[in-house]
Amino acid sequence: MKRLALGGILLSALLLAAAYGLAFLPEVAPRLAPSLLALGTAGALAGTLVLAAQRDGRLGILWVPVVFIVLVVGGGMVALILLPPVDPADPTLVLGLPPGAALLMYGVGLLPTLVVPVAYALTFDRLTLSSEDLERVREAGRRRRSEAEATGSGSPPGGGGVETGGPEGSGGPP
Amino acid sequence: MISRVMPLLQSVEMPGADLPGMARTEIVLIGIAYFVVVAAIGAWATRRTRNAQDFYVAGHGIGLFALTLAAMSATLSGFAFIGGPGLVFSVGLGAMLIILPASITNALGAWVLAKRLRLLREVREEVMTIPDAIGMRFRSPAAQGLSGLAILIAVIGYMATNVLALGVVIDALFGIGLGWGVWLGTAVVVGYSVAGGILAGIYADVFQGTLMAVASVLVFLFVLDAGGGLSGISTTILQNDPGFMSPWGHLTPLAAISFFFVFGYGSLGQPHVVHKFYMLRDPARLKWYPLLVTAALILATLLYFGVGVAVKALVTSGEMSPLSNPDEATPRFLLEYTPRILAGIVFSSVAAAIMSTVNSFLNIGAAAVTHDLPVAFGRRLRDELFAGRIATLVISLAAAVTAQFSGQLVAFLGIFGWGLFASTLVPALALGLNWTGATREGAVASIGTGLVLTLALETLSFFGVWSFPAGVTASAVTLVLSILVFLAVSAATRGGPGSEIDEDIRLIMEV
């Protein structure tokens with residue numbers, strides 16, 4: 001799952017780079033560059049969500065917000081790119097806005113509020129941070145502090161961005 | 001059109017220096033009352049600030065409600081109330097792509113950063129800054145120092161523009177002149193920032209954030225009334241300027257979607273917002289954070305959208321005389337279409353928005369000077385609280401003096417703040433905290449790439465030497481490049497000593 005997420009982020013970054021590269025050739029494919037940008041943006045957001053939200057290679061029900069982001073941001077924006085220009089003679093309004101503007105404001109803008117943060121809240125205890133997770137982390141913190149006290153360094157190992165190994169630094173805590 | 005957009009973006013943090021005067025008795029009294037409340041909060045917080053942990057991370061003791069409003073207030077500067085509506089008025093709905101990503105990115109930020117940063121605090125009680133997190137993740141003082149340097153450069157730019165904006169707003173509010181406005185605003189924000197640190201800032205933000213959201217909702221109701229509802233506004237504009245109501249407005253699709261990318265994905269690298277995750281008392285309370293902060297942001301940005309389109313409709317229909325500059329949209333609407341009391345509350349909210357952002361910048365800037373850079377050089381300061389207060393004062397004075405010499409320099413400094421944060425911090429922080437395969441070399445290379453390229457390309461663009469076509473900002477391109485550099489260098493150096501991760505850090509990356 002992590003490989004998939006990283007692959008998605010890499011592919012998205014390449015799509016974004018291609019979109020910005022095509023900006024220098026606006027006459028070649030005027031709709032291609034913004035479409036790549038929209039897909040790259042959606043892919044980067046979704047890929048990063050997968051990278052962060054997966055646990056032990058599993059995403060669970062959180063595939064719903066991931067797919068939703070790809071569809072609404074990527075699909076929604078590509079649809080907007082393909083829409084014909086606003087016709088001032090057409091009186092059609094959707095909730096007070098022309099159709100394209102309504103898709104942008106209510107679809108891409110507001111609709112995710114009803115899905116993504118809600119998915120986060122509803123799955124938080126089970127898929128994001130359970131009380132067992134929290135206790136494991138707190139136990140690790142207690143262990144680390146007691147080790148520091150035992151060594152009498154007053155500064156736990158690896159703290160404060162201190163180099164603890166590798167070629168860059170001095171090889172140990174201060 | 002592109003040439004029209006860039007000056008407008010420069011005013012993102014710097015409302016035009018010629019806002020119409022708002023000095024009316026009711027407005028002045030509300031403004032004074034606002035400053036008295038902020039001063040009282042500062043005095044209260046000062047008594048509770050006893051050490052560097054209190055000063056920089058509010059003693060790690062704030063609740064969900066305070067976190068929500070503090071994050072919202074730090075996210076929104078005066079741009080949401082002055083520059084933003086002006087941008088909508090000028091370029092149409094394309095300007096909405098700056099704020100629309102919020103419906104996704106707050107939850108994304110909670111998954112990607114909030115849990116990791118807050119859990120980092122459980123295992124490393126000494127953690128105070130975002131560069132701390134980068135340094136601990138990669139066991140690298142170099143990465144911590146470089147990210148601290150990037151933050152300091154961006155903060156200097158943001159501070160000068162925000163202090164100038166504050167001077168403009170205070171001058172419009174009290175009619176005391178721009179110079180005195182800058183110094184009065186600086187004095188108030190320095191007063192509570194130096195004495196009470198982020199603790200004062202957080203509780204001032206609770207007050208200020210509430211004020212912003214309430215004022216924005218009330219103004220939106222007056223917008224609907226003045227324009228004949230959203231349908232009336234749309235119909236009026238469509239008859240005269242249909243392009244304005246297209247999804248991208250008068251921007252190119254590429255420029256508009258670039259906004260969505262930079263302000264959406266780039267939100268994962270805004271240290272003045274994300275470092276507040278350290279401050280939450282109980283990590284389990286993060287559950288409702290994305291929903292609450294997203295709802296608060298939507299309410300607070302109703303004014304951004306509403307005033308922009310309503311003033312466009314009113315000017316188009318001839319009901320309002322033309323604006324001399326787009327930043328007049330909000331003050332003119334307030335003076336002509338809302339009660340004085342509401343105008344006073346909104347202008348106090350503008351000052352509030354700027355001051356809360358300035359406080360957050362001061363805090364992370366002071367931390368970069370007194371904590372991150374000394375740690376990078378292996379010379380941690382003995383009294384970080386005292387040093388932090390001095391640094392806060394010095395940065396404020398430097399920003400106020402710079403703001404006095406306003407114009408090109410301040411506009412230039414203000415352009416690249418958000419982009420510099422994004423291009424230097426997003427890969428190492430957001431990806432780095434979630435990918436155990438990332439390496440120290442990748443982090444240092446991506447931060448360096450973001451820092452050098454953003455400064456170079458924005459400088460070339462600002463001085464008219466060279467800029468990207470189709471209205472694309474350099475920050476968008478450098479963000480993409482720094483991500484690619486991070487992935488490529490990490491892949492190339494995987495398995496080396498720069499891949500090592502401390503066990504406790506690995507644990508918080510895996511839960």
Given the condition at the interface with another protein chain (Cβ under 8 Å from one of its Cβ atoms), buried (at least 20 other Cβ atoms within 10 Å of the Cβ) and assigned to a helix (DSSP H, G or I), answer yes or no: does some residue in the range A:91-100 qualify? yes
Considering only the range B:254-279, how many residues are in contact with a strand residue (DSSP E or B) (Cβ under 6 Å, 6 or more places away or on another chain) and not in a helix (DSSP H, G or I)? 0
Of the conditions (1) in contact with a Gly (Cβ under 7 Å, 6 or more places away or on another chain); (2) surrounded by fewer than 24 Cβ atoms within 10 Å (Cβ to Cβ), B:Tyr192 fails just one. Which one is it? (2)
Quickly run through the range B:280-298 and pick out the residues that are closer than 29 Å to B:Pro427 by Cβ and not in a helix (DSSP H, G or I). B:Leu280
Based on this model, can you work out whether B:Gly229 counts as surrounded by fewer than 19 Cβ atoms within 10 Å (Cβ to Cβ), within 14 Å of chain A (Cβ to nearest Cβ) and either at pLDDT 85 or above or within 19 Å of B:Glu328 (Cα to Cα) (or both)? yes
What pairs come out if I take residues in the range B:484-511 that are more than 9 Å from every other protein chain (Cβ to nearest Cβ) and over 21 Å from A:Leu10 (Cα atoms) and pair them with residues that are β-branched (Val, Ile, Thr) and not in a helix (DSSP H, G or I) whose C-beta lies under 7 Å away, six or more apart or interchain? B:Ile501/B:Thr436; B:Arg506/B:Thr436
Answer residue from the range B:281-290, given it is touching a Phe, Trp or Tyr at 6+ places or on another chain (Cβ under 8 Å) and in contact (Cβ under 8 Å) with a residue 12 or more places away in the chain and is nearest to the other protein chains (Cβ to nearest Cβ) among those: B:Pro290
Evaluation of B:Gly135 against (1) of a type outside the set (S, T, N, Q); (2) surrounded by fewer than 24 Cβ atoms within 10 Å (Cβ to Cβ); (3) over 21 Å from the mean Cα position of the chain (by Cα) (one fails), failing number: (2)
Regarding B:Asn359, is this residue buried (at least 24 other Cβ atoms within 10 Å of the Cβ), within 21 Å of B:Gly167 (Cα to Cα) and at pLDDT 85 or above? no
Does at least one position in the range B:90-110 carry a residue that is surrounded by 24 or more Cβ atoms within 10 Å (Cβ to Cβ) and at pLDDT below 85? no
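Looking only at the range A:15-60, count how many residues are of a type in the set (A, V, I, L, M, F, W, C) and farther than 21 Å from B:Thr252 by Cα.
Pass one, the range A:15-60, residues of a type in the set (A, V, I, L, M, F, W, C): A:15-19, A:22-25, A:28-29, A:32-33, A:36-39, A:42, A:44-46, A:49-53, A:59.
From what is left, the residues that are farther than 21 Å from B:Thr252 by Cα are A:44-46, A:49-53, A:59.
Residues in the range A:15-60 being of a type in the set (A, V, I, L, M, F, W, C) and farther than 21 Å from B:Thr252 by Cα: 9 in total.
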Suppose the filter is in contact with a strand residue (DSSP E or B) (Cβ under 8 Å, 6 or more places away or on another chain) and not in a loop (DSSP other than H, G, I, E, B); does A:Ala52 pass it? no
Residues in the range B:299-348 that are part of a helix (DSSP H, G or I), over 15 Å from B:Ala80 (Cα atoms) and not hydrophobic (A, V, I, L, M, F, W, C) total 7
Of all residues in the range A:112-124, how many are surrounded by fewer than 17 Cβ atoms within 10 Å (Cβ to Cβ), at pLDDT 95 or above and more than 7 Å from chain B (Cβ to nearest Cβ)? 1
Out of B:Ile198, B:Ile202, B:Ile156, B:Ile151, report the one residue that is within 14 Å of chain A (Cβ to nearest Cβ), β-branched (Val, Ile, Thr) and within 18 Å of the chain's Cα centre (by Cα). B:Ile151
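The values are calculated or read from the model by the stated rules, or taken from the named source; none is laboratory data. It should be emphasised that the depicted structure is a prediction, and the values quoted were computed from it without experimental measurement. Cβ: placed from backbone, ideal geometry, glycine included. Neighbour counts: every protein chain shown.
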